[in-house]
Structure formats: structure tokens, C-alpha cells
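Engineer: Have a look at the structure that comes next, please.
The values are calculated or read from the model by the stated rules, or taken from the named source; none is laboratory data. Predicted, not measured: the structure shown is a model, and the values here were computed from it. Heads up, the Cβs are rebuilt from the backbone with ideal geometry, glycines too, and the neighbour counts pull from every protein chain shown.
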Amino acid sequence: MEKITSETFRPIRLILKQYFHNHSVKIVREELPVDRYRPTMAYRPLDDQINIHPRVTPHRLDVPDYYWRLVHEVIHSTGHPSRLGRPSIESFTSAFFGPSEEEYIGEELFTEHVNRLIFQYFGLEEAVAPFQLPYMAVWELRRRDMGLALPKEADVRRTVGYLLTGGKQ
């Protein structure tokens, strides 16, 4: 594989730009808890925003890690009730009740199935594999331990299509 730079992810940036143009998802820079000693990103459905730690940039994380994380959070945002309306995300919008453990596991696995196909579509799956595969494996083990079903392929493909068109149904 050729040297990976921010320019390698230009097609990803373009679909994200179109998505953000078509929807009111906000990007907010604020301090977040750290994940494995690294600053993180998080989608907050209640506020319909993606929070990014101020130190997280493509230049401070590995470029593929940055875009894998950002696309992951954008995929969560597609489940907002004003978009594709996944029940697992809708449960996050309650101020009193969050998602069940089953919903949380299902949403994380769903998101990574979509993420894998998005990066595959652009021929970038090898670039993000070192970040995505271990993360996905953890959620897959939890899914198996709880006896949960895999994400529905039709829903995964619908979300991939939704993102590739900039969030148009």
C-alpha cells in the first residue's frame, strides 16, 4: 500500500462534507475522557453533536485512526430520529433512560459493519484495519456471549447508501 496521508482520505472527507452540509449535526471541540490514553470522539444523540477532544486532529493521531473514528461517530449520527431513526440511538436521546446493554452492543457492531463497507468502497479497508479489527472483535465477543443476532444486512446497506449520498434517502 502506498504512503497514507490525509489526501488518501479525500473521498471520505468529501462524503462527510456533503453529509454535514445536508444535516444539522454539529462538531464540538471539548475535553472528553481518554480511551487507552488517547483523546476520543463521541456522538451525543441528545444534542445531535459529535464531540471531538481538542487535541484530536489527523496530525496528532494516525491519519487512518482519525478518519476511522470520525466516520464511526458519523454513522452513529445516522441513527438520530431525524435521519434513519435506529431504536438503539433513539434510546440514547432519553434524558432518563439510556440504551440497554444489548442495544449498545448492537449499535457498536452495526456501526462497525457500516464503517467496514464504507472504507471498503473507497479501497481503504487495509488502512483502517489496525484500528477497526480489534475494536470490532471486542464487540463481536460480547455479542456472542450474550447470544445476540448480527446486524441486519439490509439496514447496514441502507446506511452505507445513505452516507455515500451525503445523507439523502
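Engineer: Going through Thr165, Thr93 one at a time, which residue ends up being out of contact with any helix residue (DSSP H, G or I) (no Cβ under 6 Å at 6 or more places or on another chain), of a type in the set (S, T, N, Q) and modelled with pLDDT under 90?
Structural biologist: So the residue among Thr165, Thr93 that is out of contact with any helix residue (DSSP H, G or I) (no Cβ under 6 Å at 6 or more places or on another chain), of a type in the set (S, T, N, Q) and modelled with pLDDT under 90 is Thr93.
Engineer: Among the residues of region 2-42, which ones are at negative phi, at pLDDT below 85 and assigned to a loop (DSSP other than H, G, I, E, B)?
Structural biologist: Those that are at negative phi, at pLDDT below 85 and assigned to a loop (DSSP other than H, G, I, E, B): Glu2, Lys3, Ile4, Thr5, Glu30, Glu31, Leu32, Pro33, Thr40.
Engineer: Would you pick out the residues in region 95-121 that are of a type in the set (A, V, I, L, M, F, W, C) and surrounded by fewer than 16 Cβ atoms within 10 Å (Cβ to Cβ)?
Structural biologist: Ala95, Phe96, Phe97
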